[in-house]
Amino acid sequence: MNKELIVKYLNNQCSPAELEEVIRWVKNKQWSEDAKDEVIECWKSACDNVEIDDQRIDSIFDNILNEIETDNTRYLQTHNEKWNYSKVIRLISRVAVILLIPVLLLFSYTISVRNKIAQNSFQNLTDSLEVIAPLGSRTVVQLSDSTVIHLNSGSKIKYPQIFNGDSREVTLTGEAFFEVTHKKDMPFIVKTEFLNVAVLGTSFNVSAYTNQNIIETTLVKGKVRIENAKTNEELGVMIPGQHTNFNISDGTIKTSTGEVDKFIAWIDGVIIFEETPIIEVADKLSRMFNVEIVVKESIMDYNYTVTLIDEPLYQILDLMTLASPIKYSILKREKNPDGTYSKQRIILDKK
């Protein structure tokens, strides 16, 4: 310890670093007689005219010792605070981890379930296909088992991309002709809203438009079983050349045998009417040409027998006016609020 540093301390001029050095010196000296002598000597050299005694010297060393004690106390407090804070943080972290485990498990389970649901939904979406034949057109669909389906105008068929299980099931709205590939252990089932048709391998036609009260089934070859879609009651087994009409209202069924060409000629663009009521003629023409044909009450009892082969609509209407005392008028198409136009409307009335 140099004398200049002691003088600085006595005059309260020490920097923090110098004060620490003085404190270390006092700790080492342990307030010995040698330490007192050094302080007295420094004091006398710095203050020539001031008397100093042992009491004054003891007071100076008490001040230094107080600094030491204060420093130690601050260190211990700071150390303890840091230790307590760290300990609390570690404890909280452990508790948080324990509490978080169930949350993480629940979150993991939820994500797993959601992914599974999404995967199943995507699988269902990709496996289920639907083909629509718009009004005024026909289309042909070939299924994965090589079955061929001819869809008539305004019809749709829904089917799986690949058939699995014990049967091959499709859902029909409208009219379609089926050429089913034979599979003995895997029957082919056509489902409609009110009637189901089950086959093994055959060719047949089903007409089940939503606006009709009659579901028609025509068998060309093979064998089919028809059943009520609501009750699963078997309604009968058809043989080739048979045509059945199932009445949706009362659940009755009528069967006839004979020429089936008129029921399947539409596949080739041919329409055959044999004593067909004009209201049925108008309904078929409306679907074929995507128009709305309205029949007035005055001509409801008219029937038509004619074969049409890819004839344009207005030519068909002209032929009808030649064959019977009717007239037709074409109304102007109206513009809808969304900017589209209504269907072409045609009125059939008596001349």
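The numbers here are math on the coordinates, done by the rules we state, and not lab data. This is a predicted model, so every value here is computed, not measured. Positions of Cβ are generated from backbone atoms using ideal geometry, with glycine treated the same way; all protein chains shown enter the neighbour counts.
Under the shape rule built on the C-alpha gyration tensor, where the axes satisfy a ≥ b ≥ c, the range 254-313 is oblate, since a/c reaches at least 1.5 while a/b does not exceed b/c. Of the peptides 307-315, 221-229, 191-199, the ranking by mean beta-carbon count within 10 Å, highest at the top, reads 191-199, 221-229, 307-315.
Ordering MET300, MET186 from the fewest to the most neighbouring beta carbons within 10 Å gives MET300, MET186. With a threshold of 18 Å on the Cα-Cα distance, the over-threshold entries among LYS221/LYS262; LYS158/LYS254; LYS158/LYS284 are LYS158/LYS254; LYS158/LYS284. Both numbers refer to the Cα atoms of the range 134-263; Rg and Dmax are 13.6, 38 Å.
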